[in-house]
1. Got a sec? Which helices (runs of 4 or more DSSP H) wholly within region 1-70 have at least 3 residues that are closer than 18 Å to E114 by Cβ?
2. Being touching an Asp or Glu at 6+ places or on another chain (Cβ under 7 Å) and either of a type in the set (A, V, I, L, M) or not in a loop (DSSP other than H, G, I, E, B) (or both) is true for just one of L245, L217. Which residue is that?
3. Given the options S183, S196, name the one that is of a type outside the set (A, V, I, L, M), touching a residue at least 12 places away in the same chain (Cβ under 8 Å) and either in the same structural domain as S296 (by TED's automatic domain parsing) or touching a His at 6+ places or on another chain (Cβ under 7 Å) (or both).
4. Could you list all residues from region 241-276 that are of a type in the set (A, V, I, L, M, F, W, C), surrounded by fewer than 22 Cβ atoms within 10 Å (Cβ to Cβ) and in contact with a Phe, Trp or Tyr (Cβ under 7 Å, 6 or more places away or on another chain)?
5. For the subset of region 220-238 comprising residues that are over 19 Å from the mean Cα position of the chain (by Cα) and charged (D, E, K, R), which member is surrounded by the most Cβ atoms within 10 Å (Cβ to Cβ)?
6. Looking at region 87-119 only, could you name the residues that are at pLDDT below 85 and crowded, with 16+ Cβ neighbours inside 10 Å?
7. Return the pair list, or none, for Cβ contacts closer than 9 Å from residues in region 32-49 that are of a type in the set (F, W, Y) to residues that are assigned to a loop (DSSP other than H, G, I, E, B) and at pLDDT 90 or above, at least 6 apart or on different chains.
8. Within the set of pairs 6 or more residues apart or between chains, which connect a residue that is farther than 30 Å from S11 by Cβ and free of Cβ contacts under 8 Å to residues at least 40 places away in the same chain inside region 90-117 to a residue that is surrounded by 15 or more Cβ atoms within 10 Å (Cβ to Cβ) and not β-branched (V, I, T) with Cβ atoms less than 9 Å apart?
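The values are calculated or read from the model by the stated rules, or taken from the named source; none is laboratory data. Source: prediction; values computed, not measured. Here Cβ is always computed from backbone atoms with ideal geometry, including for glycine, and neighbour counts include all displayed protein chains.
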Amino acid sequence: MAKEAQLTTDSYAKALAAFVGNGKSLLDLAEKESREGSFQEFIRQKIRIEQKQSLLGLIDAGAALYKSLSVRKKKDMEDLCRKNTHCAALQDALQDFQQLEVQWDAFLQHLDDELQLSAKSLDGRLQSKSISPDIPLIDARTGEAVTLQKYLGKGKKTLLVLIRQFSCLLCRLHLKDLEKNKSSLDAHSVQVVVISFGCQEGASHWMQETGCQFDMLLDSDRKMYAAFGLGASLKKVLNFTNMLLYAEYVADNFEFPRGLASIQEDMFQLGGDFVLDEHGRVLFSHCCQSPIDRPSVEEILSA
């Protein structure tokens, strides 16, 4: 039995070491490519879900690690490692794992600093207690110019869901949850409006793929994003912890959506959820600190 346990812990160490080796290769390549041209070109061309050797390749590597360890979540992996602290090889692999995390996040912080993304407001504090009803928007279904005034003054509260990009899986899952709880939202006189900064072509494709029935408005100049203090950040989207959390979805057989090749998206824009009363006053504010950070329906309704 002791020999079987030793073989098991050795296999844990090998799986973790393989993941670290893969992660280091991805990071080394990203650092090299980021020095070969502009940072803007690097993040547009070299960080894509379709490219297995981009930084996003760590998601599949994380899912493969979970499979090797017979777990499906980051927490389960951490619990497994804690239970096997007696294995020297596993402890060495864990140290390399932790060192990779530090290096990974430091590189992303460097990109944020170089692109001055970290200078933007990302803490979720609103400068105003209300939002202008006159911000120019486009109805994604009709192409007509509209403003928020269309939804105000009708005795209802409006939940604005500002999504990150059309190919954001977490945004789609959040809206699915809102759709499932539509009866509760209706009971509290809450109408949901989706906001995107994307183009109408992308919006049409998104609505067809998701079947979402909520109204969708396009804020191409991101004036509403700016008004709510929503910034962009590579580190808040691609940090090491988040990558392993995204891997949980792959391990659960979710597939990350692919964007249209004909349009340029911004995967580093952060989203948020905001409830307005009928006069446009902000009753509830949640500025997402990562793509995974969305409020529950209960949190929204408690406001």
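1. 2-34, 39-45
2. Among L245, L217, only L217 is touching an Asp or Glu at 6+ places or on another chain (Cβ under 7 Å) and either of a type in the set (A, V, I, L, M) or not in a loop (DSSP other than H, G, I, E, B) (or both).
3. That would be S196, the only listed residue that is of a type outside the set (A, V, I, L, M), touching a residue at least 12 places away in the same chain (Cβ under 8 Å) and either in the same structural domain as S296 (by TED's automatic domain parsing) or touching a His at 6+ places or on another chain (Cβ under 7 Å) (or both).
4. Listed by number, the residues that qualify are A251, V275.
5. The extreme case among them is K223.
6. C87, L117, S118
7. F42/R35; F42/E36
8. From region 90-117, the pairs are H110/S34.
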